[in-house]
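**Q** Pasting a structure here, questions to come.
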Amino acid sequence: MDSYWKEVEGKRLHDPLTQKQKHGHPVPQIWVQGPLIVGVGPSGLATAACLKQKGIQSLILERAECIAPLWQFKTYDRLRLHLPKQFCELPLMPFPSDFPTYPTKQQFLAYLKAYADYFKLNPVFNSTVTKAEWDERCGFWRVKAFVVGKCVEYFCKWLIVATGENAEEFVPQIDGLEEFEGPVVHTSSYKTGGEFRGKKVLVIGCGNSGMEVCLDLCNFNAFPHLVVRNSVHILPHKMLGRSTFGLSMCLLRWLPMRIVDQFLLLLSRLILGDTSRLGLHRPKLGPLQLKNLSGKTPVLDVGTFAKIKTGKIKVRQGVSRLSRHTAEFVDGSVESFDAIILATGYKSNVPSWLKESKMFSEKDGMPRKEFPNGWKGECGLYAVGFTKRGLLGASMDARRIAEDIEVVWKADESALMAFTHSSVLPQSRVQRHD
Ligand SMILES: Cc1cc2nc3c(=O)[nH]c(=O)nc-3n(C[C@H](O)[C@H](O)[C@H](O)COP(=O)(O)OP(=O)(O)OC[C@H]3O[C@@H](n4cnc5c(N)ncnc54)[C@H](O)[C@@H]3O)c2cc1C
């Protein structure tokens, strides 16, 4: 171990990041006694709270300057939780009873702030993790981060990836996109249809966000055209007086998924009619089976479909090319537009900073193992919130991770304490965070 720390010191001196540090100060090295969590969205908060409840203090690094920046800055004004609140609450703290079934984004944010306060979670903000790798020699994760503009290196035994499925905007390759002269906005920057009043807007992507943005545009007297490139399941938000999600969960307790799918599709047909007549073709697999196999979420209709029926929202097939003011569609038609909204989703950023490819796929930055087994890797590596099952999936991961770490924590606690106080660590350079 002694030679290991000598080598760390040697590498530190030759590390370009070290040399970039101003005034010749060396990169501070901090030993984290508990788990290190990267990201403080709902998943990071849930995991830190579950750990805290077990007496395990974690260190949370967050690149933004607040908790849940996705919800604070990258969501539109009219957003409410898509699923009823009982399926969205984080572990150990229910939503306030006076919250509506579908809390608004402001209510959800207030809940997250109260959650962080209640569990006394104090993330280190403005801290972007740029690299994390397992160091075989010492048996720790080495995590490099820019903390308020300065490079810091952390050493930890447990690394919890909570950077989310929505870390970066995804923009597909669309011919001519850069030529288009009107505004091109990703849904992460879209706030309200008020900015598009009277404008003809092309909305590319027909997931829950794309559909809801179209409705919002209509409500502000804009003229949206929705691009539906592939097949999509659109389901009523409510069925038989219950939320469609709640009803599905209930039926799945008694019936096979295939039968529940048939039931959902029958009710959808009765309530919405034949969606394919309006250009919204259904996939061959049922909505739950498709979600289970591919993670593709069905659209829960909040009023968009009625606007499609009345022709206020036009459904278009795929775009083949964009030019300065127009879009050419795969059916050969060409039409002019004032603006484009990209409802094309997000992607994980894990491969950009985690130097590991066994647990996470380098292709899409998602765990290689299917739900419910994607939460645990090797050498104390964990993933929370990568289940394609929203907040419910994140809560399940958070509980499992805390339980798993607790087992080792209890066994290790005394040994760890002895280690931190031993003389092998160069105490002058390696600080402790506990
Ligand atoms: C518009 C929208 C509506 C949604 N509605 C629902 C819903 O109603 N119900 C539901 O269950 N799910 C919903 N989801 C899905 C999901 O639950 C949310 O995306 C949720 O925010 C995921 O939480 P998270 O903590 O996993 O990820 P995020 O909220 O994205 O948090 C990840 C955090 O990691 C930080 N981070 C990323 N990279 C780094 C780095 N290198 N260093 C440091 N920090 C980093 C980010 O800044 C961020 O704060 C919705 C998603 C979207 C986009």
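**Q** First select every other residue whose beta carbon is under 11 angstrom from the beta carbon of Phe140; then total the charges, Lys and Arg +1, Asp and Glu -1.
**A** Details: positive: Arg137, Arg142, Lys157; negative: Glu133, Asp135, Glu136, Glu153.
Result for the neighbourhood of Phe140: -1.
**Q** Of the options Gly286, Leu252, Gly198, report the single residue whose Cα projects farthest towards the positive end of the charge dipole of the stretch 170-345 (beta-carbon charges: Lys, Arg +1; Asp, Glu -1).
**A** Leu252
**Q** If you don't mind, there's one more thing I want to ask. Express in whole angstrom the spacing between the alpha-carbon centres of the stretch 200-273 and the stretch 50-70.
**A** 34
**Q** At what distance in nm do the modelled label points of His325 and Glu378 sit from each other, each positioned 7 Å from its Cα along Cα→Cβ?
**A** 6.0
**Q** Taking springs between alpha-carbon atoms closer than 10 angstrom, which of Ser188, Ser320, Ser127 fluctuates most in the Gaussian network model of the chain?
**A** Ser320
**Q** Still on this structure, I have one more. Between 0 and 90 degrees, rounded to the nearest ten: what's the tilt of helix 2-14 against the longest Cα principal axis of the chain?
**A** The angle comes out at about 60 degrees.
**Q** Let me ask something else. Per-residue HN-Hα couplings for the stretch 52-64, Karplus 6.51 cos²θ - 1.76 cosθ + 1.60 at θ = phi - 60°, whole Hz, x for Gly and Pro?
**A** 4, 4, 9, x, 10, 7, 10, 10, 10, 10, 9, 6, 7
**Q** Rounded to whole Å and sorted largest first, what semi-axes of the equivalent ellipsoid does the C-alpha gyration tensor of the chain yield via the square root of 5 times each eigenvalue? All intermediate terms of the calculation are to be shown ahead of the outcome.
**A** Working: eigenvalues 385, 134, 70 Å².
Largest first, the chain gives 44, 26, 19 Å.
**Q** Hey, can you grab everything whose amide H is under 5 Å from the amide H of Lys200? Only 5+ residues off in sequence or another chain; H modelled, so Pro and N-termini drop out.
**A** For Lys200, the qualifying residues are Phe223, Asp338, Ala339.
**Q** What spacing in nm lies between the two simple spin-label points modelled at Asn126 and Gln262, each 7 Å away from Cα in the Cβ direction?
**A** Here the modelled spin labels are 6.0 nm apart.
**Q** Going down the table (Lys150/Lys191; Lys199/Lys388; Lys157/Lys369), which pairs top 31 Å between alpha carbons? Display every interim value, and only then the final one.
**A** Numbers: Lys150/Lys191 33 Å; Lys199/Lys388 34 Å; Lys157/Lys369 22 Å.
The pairs that break the limit, which is 31 Å between Cα atoms, are Lys150/Lys191; Lys199/Lys388.
**Q** Would you mind counting up the charge near Lys105? Only other residues with Cβ under 15 Å from its Cβ, with Lys and Arg at +1 and Asp and Glu at -1. Could you put the intermediate results ahead of the total?
**A** Values: positive: Lys74, Arg78, Arg80, Lys85, Lys113, Lys191; negative: Asp77, Glu212, Asp216.
Taking every other residue near Lys105 into account, the sum is +3.
**Q** Could you work out how far helix 208-219 tilts from the main Cα principal axis of the chain, as a 0 to 90 degree angle to the nearest 10?
**A** 50
**Q** Would you calculate the separation in nanometres between label points at Leu240 and Ala415, each defined as 7 Å from the Cα along the Cα-to-beta-carbon direction?
**A** Taking the two extended label points, one gets 5.3 nm.
**Q** Using +1 on the beta carbon of Lys and Arg, -1 on that of Asp and Glu, and nothing else charged, what's the dipole of the chain about the Cα centre, debye to 20?
**A** Working: 57 positive and 43 negative charges, 178 e Å.
In total the dipole reaches around 860 debye.
Since every read-out is calculated from the coordinates, none of them should be taken as a lab result. A quick note: this is a predicted structure, and the numbers were derived from the prediction, not measured. Counting neighbours? That spans all protein chains shown, and the Cβs are built from the backbone with ideal geometry, glycine included.
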